[in-house]
Amino acid sequence: MAGAKKGFKPSQIIVAVLVVFWFLVCLVPFFFMLMCTLKEQFELLTNGVFSLPERLYLNNYVEIFTGTIWRYLANSAIVLVVTLVILLMFSAFAAYPLSRWKFRMNKPVYSLIIACMSVPIHVTLLPIFMMTVNLGMYDSIWALIGPYVAFNLPISVFILTTFMAGVPKDMEEAAEIDGCGKYGIFWRIMLPLAKPGLATLVIYDGVNIWNEFSFALTLTQTAANRTLPLAVQEFQGQYTMNIPMIMTVLFISILPMIVVFIFGQDKLIKGMMAGAVKG
Amino acid sequence: MERRTISRFLKRTAACTLALAMLLLAGCAGNTGNSGGDGDSSGKTKLTLWHIQTGTAADIIKDAAARFNADHPEYEVEVVDKVNDTYKSDLSMAINANTMPDIFITWGGQTMYDYVDEGLLYDLTDLMNADGYADTFVDAGIAQCSYNGRIYSVPVENISVAGIFYNKDVFDQYGLEEPSTIAELEALCDTLVANGVAPFALANATQWTGSMYFQYLATRYGGLEPFADAAAGTGTFENDAFVYAGEKIQEWVEKGYFCEGFNGMDDDAGQARMLFYSGDAAMDLMGSWFVGTIAGENQQFLDDGKLGFFPFPTLETSDADPSLCLGTIGDNLYAVSASSKAPEAAFEMIQYLLDDEAQVERKAQSKIIPLKNFTSDDPVITEILDAVNGAAGIQLWYDQYLPAEVAEVHKQTSQEIFGLTMSPEEANAQLQAAMESYLAKNS
Amino acid sequence: MKSITMSQRRRRETAIAATVFLAPALLVIAIFVLYPIVQSFVTSGYEWNGYSSNKVFIGLGNWVELMKDKTFWYAFRNNLVVMVLSIVIQMPIGLALATFLDRVGKKGNICKVIWFIPMLMSSVAIGYLFRYALDANTGFVSAISQLFGGGKVDLLGNPDTVLYTVIIIIAWQFIPFYMVYYMAGYSSLPMDIHEAALVDGATESQYFWRISLPLLKPSIKSAIVLSMVGSLKYFDLVYVMTSGGPSHASELMATYMYTNAFSSYRMGYASAIAAGMFILISVIAIVTMRLLNRKED
């Protein structure tokens, strides 16, 4: 930045161009998604996706907000929060011994968890559906929590293990000398130091859970127990789908996440900073 | 020290587990009496109905259920919206878990026969024949709902036969008239191509869209027998009729009769209709629900009288019956599960789907009700009805007639024929192999 | 004597503590992930349509078919293409964006939010938007081509281009994840290392190549493993945009399995595909991890 006063270096110009380019690459599809939500279906099909709406048409939003969307939103929020809490706790528990300790089962267990990352979810739908029905939990949002935790666990453990492995050994040793046991070290040292990893997981798993479709579709059926991603299916017919309405639903479901990300990112960054190892 | 932290750790874990358990219990408690037909606390018998209609068409069903519930306080019908895309898998999971809905839709052909063979469908023959109810339906519709001489479902939603819809403005602009033979159709297409208009709007990532051309051409060439024989194992898909269909399609593709990029376009998303509405493509071979689809998304197009229809042209050189139609009578067939606690009430609920109020609502949504006394003021729908009523027979969609795994191969190979990535001979041989493998497994 | 028992006791304590820490995760995984995959292995021994009471045991029949199934191996090849290109495209761009955001700090907040948006959009929305955008007749690629006098461009209906087109869109969707991932990696580096390096006279690019890149190595390695596993079992966007077509040109193992399970109703065969995927992906992931870690030592 030292050269800023004397005009821009070519390298800075290139960087600036790239930054703006990427800005547009990310923003333009989002913008057209927003435009889609402001059109009637015939307008989309006759004028195309890239035309601007002919007039301010908000009926899509009106129709959706007067429907059952609030219930879906509430369900999604409950599922998200409960799942995230359990998921982060369980994955932090698991990542700690895997990243720090030597014991005989370490490598086999770690390999098993890696292997579980590679399970394609669609074959698990039937067994999990049967299990859910047998437990009497079919058609309830609570039925989603188990699968959601389980299917995000392997990747979360994997990410956290990488982060915890990066914590310098001497911090752990110092704590041990101070009389901290293994459990104390976990709560007082590892967990705070793994915050950047946890923050990443909140984002990654959060988005996954918020948008999850297959389990939600399979394990719930009545409108009262559905989550947000299922709201689109009201507009998917046998021979046609109402794209503007679908886009509106999806746009509405993105908004809370953007808001959370905008307001939460400071906290997340602070969390990350607090976790940063002070040299 | 160590022990204290262990116990603290355990305490926290225990607390969390307990919280989790309570959540689960709360979930269970809030969930009693769902699915299955058991009576709930109010003493009502609950009936579940699965359908795949959307928007206002779904409202028809909900209105009918509300009428039924009002008339029958001892029952409560719960209408569950399902989505077409995953419908069959949802149903097969419910079958596995013994939680089948009391009333649900199925399609004709092999799908329904399999359900009957599994003992999953309640035999509706006696209920249908009471008071001559079955006679009010179009005969071909009842035939489609029957298997081994018994009736297992009710044709409710729509007469869905395929034909060629066209944009009248485009035809007028180039002075074109509805063709009645394939040769005339080809001449018409050549004119359109010469003028830079795509003759057919086709979105064939959807696969069944292109498959309709294959089915119609084969039917025009050889009638109903080649397909029926091939599916039964007494004939073969390497029959001349299927070779003709494949070769004709490839000839048309090479002449540019279909819009650019058709194999990558999705019909559900309306990519073909975009071209049809704008006049960049002149025609669309589609099922008769097309009228309802347009009414739902572009009423102006209908109001302007732009929509025209003609049956798939005939093949002069063939002696196959030229009146044959391709499609299904009823589309979604409503069935009652054999495990329903109140099959007769469930059947009555289905009748509410076609009672007088429902008929008015259906007509208003451009549905073609498969009842003998159904008439329409809409000129396009009347033309479709004429074609159906004059048909010597209905060729059921291949993908419903055939067992699912063979149907999948058919859809794949027909897309490959369109993409010119496979010769008709290879495609038909592959389809035949799939059919034989299925028959060998199930003989 | 005493020291042996001490170390033994330590080892036993570690083992117990490890069990306590690992138990919740392993329990959940066992119920919801391992049990279903074991079920898949069992089901793969049957000819079964998914609901019939008629479940015929055919031993290794499905596995033999799978070995000979050209479409499956073609799908596997496609998965490998997705995997390689995803790593090549997503890793550098994700790292570059993270590096930029790390350097500019708070000033880059707007960029951070906007750059993150693709990750938030659901695959259904992305799939349909790009479907329209790439439409051969009304899409923008065709429009640009025609503006310069070219013809219509058909990317999704052409078997030669469809896979690469989808790979680029997948990259668009997942780059933000790696951006966030590397940002987290940066934030766990020692804070004053950057200043210290500059004080020592290092240029920004020297700092990046000589100092931060080596320190980020563990993050990069695990990101590569994540990307590999994700690519090999990828499903969402391909299903929404092409369903594996046309002519299997964009078929992936997961879409092929889905078609077999839910369109063809060959549950037994679909289970064999799923179990095959499980084996292939696990082996590739674990071997890669071993290789990456060996290099380090």
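I want to confirm something. Restricting to segment B:281-307 and keeping residues that are outside any strand (DSSP E or B) and under 17 Å from residue B:266 (Cβ atoms), which single residue is farthest from the chain's Cα centre (by Cα)? Filtering segment B:281-307 for residues that are outside any strand (DSSP E or B) and under 17 Å from residue B:266 (Cβ atoms), the one farthest from the chain's Cα centre (by Cα) comes out as B:297. Number of residues in segment B:251-280 that are in a helix (DSSP H, G or I) and within 14 Å of chain C (Cβ to nearest Cβ): the value is 12.
Taken as a whole, segment C:160-172 holds no residue that is buried (at least 23 other Cβ atoms within 10 Å of the Cβ), outside any loop (DSSP other than H, G, I, E, B), aromatic (Phe, Trp, Tyr) and touching a helix residue (DSSP H, G or I) at 6+ places or on another chain (Cβ under 7 Å). Is it the case that residue C:254 is hydrophobic (A, V, I, L, M, F, W, C), in contact with a helix residue (DSSP H, G or I) (Cβ under 8 Å, 6 or more places away or on another chain), touching a residue at least 12 places away in the same chain (Cβ under 8 Å) and not in a helix (DSSP H, G or I)? Here the answer is no, as residue C:254 does not meet what is asked. When segment C:25-57 is limited to residues that are more than 18 Å from residue A:122 (Cα to Cα) and surrounded by fewer than 17 Cβ atoms within 10 Å (Cβ to Cβ), the one that is farthest from the other protein chains (Cβ to nearest Cβ) turns out to be C:57.
Each residue in segment C:184-228 was checked for being in a helix (DSSP H, G or I) and either polar (S, T, N, Q) or within 15 Å of the chain's Cα centre (by Cα) (or both), and 14 pass. Each residue in segment A:155-177 was checked for being surrounded by 17 or more Cβ atoms within 10 Å (Cβ to Cβ), touching a residue at least 40 places away in the same chain (Cβ under 8 Å) and either on the phi > 0 side of the Ramachandran plot or not in a helix (DSSP H, G or I) (or both), and 1 of them qualify.
Mind counting the residues in segment B:327-367 that are of a type in the set (A, V, I, L, M), surrounded by fewer than 24 Cβ atoms within 10 Å (Cβ to Cβ), part of a helix (DSSP H, G or I) and in contact (Cβ under 8 Å) with a residue 24 or more places away in the chain? Final tally of qualifying residues: 3. Using the structure shown, decide if residue C:201 is closer than 30 Å to residue B:204 by Cβ and either exposed (fewer than 13 other Cβ atoms within 10 Å of the Cβ) or within 14 Å of chain B (Cβ to nearest Cβ) (or both). Taking the combined requirement at face value, the residue does not satisfy it.
Could you grab me the full set of residues in segment B:79-123 that are closer than 22 Å to residue C:258 by Cβ, within 12 Å of chain C (Cβ to nearest Cβ) and among the charged types (D, E, K, R)? Of everything in segment B:79-123, those that are closer than 22 Å to residue C:258 by Cβ, within 12 Å of chain C (Cβ to nearest Cβ) and among the charged types (D, E, K, R) turn out to be B:85, B:88, B:90, B:114. Can you find, within segment A:30-40, the residue that is farthest from the other protein chains (Cβ to nearest Cβ) among those that are surrounded by 21 or more Cβ atoms within 10 Å (Cβ to Cβ) and in a helix (DSSP H, G or I)? So, considering only residues that are surrounded by 21 or more Cβ atoms within 10 Å (Cβ to Cβ) and in a helix (DSSP H, G or I), the one farthest from the other protein chains (Cβ to nearest Cβ) is A:37.
If you filter segment A:216-229 down to residues that are at pLDDT 85 or above, more than 10 Å from chain C (Cβ to nearest Cβ) and not in a loop (DSSP other than H, G, I, E, B), you find that the one that is nearest to residue B:89 (Cα to Cα) is A:218. Flag not set for residue C:181, criterion: in contact (Cβ under 8 Å) with a residue 24 or more places away in the chain, assigned to a loop (DSSP other than H, G, I, E, B) and aromatic (Phe, Trp, Tyr).
For segment C:252-266, a tally of residues being more than 8 Å from chain B (Cβ to nearest Cβ) and either farther than 17 Å from residue C:67 by Cα or of a type in the set (Phe, Trp, Tyr) (or both) returns 3.
Please count how many residues of segment C:88-116 are away from chain A (no Cβ under 14 Å) and crowded, with 16+ Cβ neighbours inside 10 Å. Don't jump to the end; show me each part of the working.
First pass over segment C:88-116, keeping only residues away from chain A (no Cβ under 14 Å): C:88, C:91.
Adding the requirement that they be crowded, with 16+ Cβ neighbours inside 10 Å leaves C:91.
Result for segment C:88-116: 1.
For segment A:199-247, the candidate set comprises residues that are buried (at least 24 other Cβ atoms within 10 Å of the Cβ) and of a type in the set (Asp, Glu); within that set, the residue that is farthest from residue A:120 (Cα to Cα) is A:205.
The values are calculated or read from the model by the stated rules, or taken from the named source; none is laboratory data. No experiment lies behind these values; they were computed from the predicted model shown. So basically every Cβ, Gly included, is an ideal-geometry build from the backbone, and we count neighbours across all protein chains shown.
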